[in-house]
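Heads up: the structure comes next, in structure tokens.
The values are calculated or read from the model by the stated rules, or taken from the named source; none is laboratory data. From a predicted model like this one, the values you see are computed outputs, not experimental measurements. We place every Cβ from the backbone using ideal geometry, glycine too, and count neighbours over all the protein chains shown. Surface accessibility is based on the protein's heavy atoms, side chains included, excluding ligands, DNA and RNA. Shrake-Rupley method; radii C 1.70, N 1.55, O 1.52, S 1.80 Å.
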Amino acid sequence: MVFGSSFAQSELSLSDAISRALENNYDLKVIRNTEKVASVNNTWGNTGFLPTVTFSASANESYHLNDDEEYRDQTIMPNVSLNWVIFNGFSARISKARYEQLEEQSEGNTSVLVENTIQDVILAYNNCLLQRKLMEVYEEVAQLSEDRYSRSENSKAIGASTTYESLQAKTSWLEDQSNYLQQKVSYENAIRTLNYAMAESANETWSFSSEISIDTVDYNYSDLFDKMTSNNKTLRNQYVSQSLQANQVQQAKSSYYPSLSLSAGINNTDYLRDYSGSKANVESNYINPSIGLTLSWNIFNGGTNRRSVQIAKIEEESSQIETDQMLHSLENKLAQMYSTYNVNKAILELTKEQVAAAKLNMDMSKEKLDNGSINSFNYRDVQIAYTDAVISRLKAVYNLLESHTDLLSITGAIIDEYE
């Protein structure tokens, strides 16, 4: 009896892989919670603009044990108070603008991570396709080498070939089989990398429904540069950081202004003296409303305000320098990516011709091997040349796809491309 078991593989397209990663990625879950915190903080109540109302109550009861007459005192005092900073040098408005910028920055950080996650999944998914194709190539080569070894063994048995030729064929077969097994491990590791990007189990297996391919696009560098300066999420985040530094300057300047606050309250005192003897009880009730305005102005504090403004301006200048540096760095990266993309596009065209020529050469060499015009060693060289050409072709497709993805990412178009 033979018992067999098979495990169904779930079909996985590139869009499915991206959706899984955006839903399950650990870093995205954390940064989305950070974004929620920034949204919760972005309220007027968190700026000190709104008044505060507090309620308090106290009760006291005491007993007086005298020789003349004993009595009990009871006092209940509820109190409601209101405090409102009416003006504090525009600090509340400046703080609200800062919280809005922090929320925008948090959303920008999420967008950057979403872009990076999409790019990682695209490359990981296509790397799986690449490693699978390479595994198939090595498997085919190993099969051809095994057939060649079998023929050489048969030829040796009838005296048509030597033991040396048979040993050479066996060595080639063992080498190709080893290459296939190593490539199989590379394919399995590529799947594990993809699973990690999607936050799936490391041992999850898939049936990949997409194919590794790329449509060549002729890009214009000026258009790419304009898109990068307007849409690059990292650069836009830096602009928000620069705005936050400008906000900090305004916050420091607000300390030069006076502060005006309003306080109001109402206090009720309910008093009871309860005599144990013949004396009449004493009761009283007092309601004390109050309202007041407080104006404070820090005329001199040893230059602390002036130093705060100076430091804020210096930090704003540093932020501007960082923005210029980032823009320069992105411009440099874009130029490199643009050049790499065009080179990879040209290499892809060359590999098409290379594979076609190598395939024709191998077919002709197979005929020559069958009719005895060339020996098995010559055919082995042709076979290796064809294998190398196919591998170069597959890697050229992946390299072009990778450089294309880099251009989409740096110009902020990767989300729209794979939405």
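So which of Tyr164, Tyr138, Tyr125, Tyr149 is touching a Phe, Trp or Tyr at 6+ places or on another chain (Cβ under 9 Å) and modelled with pLDDT under 70? Please lay out each step first, then the result.
Numbers: Tyr164 fails: touching a Phe, Trp or Tyr at 6+ places or on another chain (Cβ under 9 Å); Tyr138 fails: modelled with pLDDT under 70; Tyr125 fails: modelled with pLDDT under 70.
Being touching a Phe, Trp or Tyr at 6+ places or on another chain (Cβ under 9 Å) and modelled with pLDDT under 70 holds for just one of Tyr164, Tyr138, Tyr125, Tyr149, which is Tyr149.
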Exercise for the section: Mind listing just one residue for me: the one in the range 217-234 that is part of a loop (DSSP other than H, G, I, E, B) and open to solvent by 70 Å² or more (accessible area, probe 1.4 Å) and, of those, modelled with the highest pLDDT? Expected result: Asn220
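Evaluate the range 394-404: report whether one residue or more is at negative phi and open to solvent by 80 Å² or more (accessible area, probe 1.4 Å).
Of the range 394-404, the ones at negative phi are 394-404.
Pick out the ones that are also open to solvent by 80 Å² or more (accessible area, probe 1.4 Å) and you get 395.
Yes - at least one qualifying residue is present in the range 394-404.
Where residues in the range 371-380 are in a helix (DSSP H, G or I) and surrounded by 13 or more Cβ atoms within 10 Å (Cβ to Cβ), which of them is farthest from the chain's Cα centre (by Cα)?
First, pick out the residues of the range 371-380 that are in a helix (DSSP H, G or I): 376-380.
If we keep only those that are surrounded by 13 or more Cβ atoms within 10 Å (Cβ to Cβ) too, we end up with 376, 378-380.
Details: Ser376: 53, Asn378: 52, Tyr379: 50, Arg380: 48 Å.
Step by step, filter the range 371-380, then rank; the result is Ser376.
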Practice task
Could you tell me whether Glu402 is within 30 Å of Asn109 (Cβ to Cβ) and at pLDDT below 85?
Solution key: no
Practice task
Exactly one condition in (1) in contact (Cβ under 8 Å) with a residue 24 or more places away in the chain; (2) surrounded by 11 or more Cβ atoms within 10 Å (Cβ to Cβ) is not met by Ile314; state its number.
Solution key: (1)
Practice task
Find all pairs meeting these conditions: Cβ atoms under 7 angstrom apart; at least six residues apart or on different chains; first residue within the range 192-214 and in contact (Cβ under 8 Å) with a residue 60 or more places away in the chain and under 17 Å from Glu402 (Cα atoms); second residue assigned to a loop (DSSP other than H, G, I, E, B) and among the polar types (S, T, N, Q).
Solution key: Ser210/Ser13
Handout entry: Number of positions in the range 235-263 that are open to solvent by 30 Å² or more (accessible area, probe 1.4 Å) and among the aliphatic types (A, V, I, L, M)
Key = 3
Problem - Lone unmet requirement of (1) open to solvent by less than 70 Å² (accessible area, probe 1.4 Å); (2) of a type outside the set (Val, Ile, Thr); (3) on the phi < 0 side of the Ramachandran plot; (4) not in a helix (DSSP H, G or I) for Ala190 - result: (4)
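Pull up the range 117-136, narrow it to residues that are out of contact with any strand residue (DSSP E or B) (no Cβ under 8 Å at 6 or more places or on another chain) and open to solvent by less than 20 Å² (accessible area, probe 1.4 Å), then point me to the one that is farthest from Ala38 (Cα to Cα).
Here is the first cut: in the range 117-136, the residues out of contact with any strand residue (DSSP E or B) (no Cβ under 8 Å at 6 or more places or on another chain) are 117-124, 126-127, 130-131, 133-136.
Those left that are additionally open to solvent by less than 20 Å² (accessible area, probe 1.4 Å): 117-118, 121-122, 124, 126, 130, 134.
Numbers: Thr117: 22, Ile118: 24, Val121: 28, Ile122: 30, Ala124: 32, Asn126: 36, Leu130: 41, Leu134: 47 Å.
Only one residue fits best here, namely Leu134.
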Exercise for the section: Would you mind finding the one in Thr117, Thr75, Thr43, Thr54 that is under 30 Å from Asp274 (Cα atoms) and among the polar types (S, T, N, Q)? Expected result: Thr75
Completion exercise
Only unsatisfied item for Ile86, checking (1) closer than 20 Å to Gln251 by Cα; (2) touching a helix residue (DSSP H, G or I) at 6+ places or on another chain (Cβ under 8 Å); (3) among the β-branched types (Val, Ile, Thr), is (2)
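Would you confirm whether any residue within the range 359-370 is outside any helix (DSSP H, G or I) and open to solvent by less than 60 Å² (accessible area, probe 1.4 Å)? Spell out the reasoning first.
Pass one, the range 359-370, residues outside any helix (DSSP H, G or I): none.
Within the range 359-370 (the criterion being outside any helix (DSSP H, G or I) and open to solvent by less than 60 Å² (accessible area, probe 1.4 Å)), the answer is no, since none of the residues qualifies.
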Practice task
Under 6 Å between Cβ atoms, at least 6 apart or on separate chains: pull out the pairs that start in the range 393-419 with a residue that is within 15 Å of Gln131 (Cα to Cα) and end on any residue that is open to solvent by less than 30 Å² (accessible area, probe 1.4 Å) and modelled with pLDDT under 90.
Solution key: Val397/Ile212
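With the range 1-116 as the region, which strands (runs of 3 or more DSSP E) entirely inside it contain at least 3 residues that are open to solvent by less than 70 Å² (accessible area, probe 1.4 Å)? Break it down stepwise before answering.
On the way: elements: 10-12, 52-64, 71-88.
Counting at least 3 such residues, we get 52-64, 71-88.
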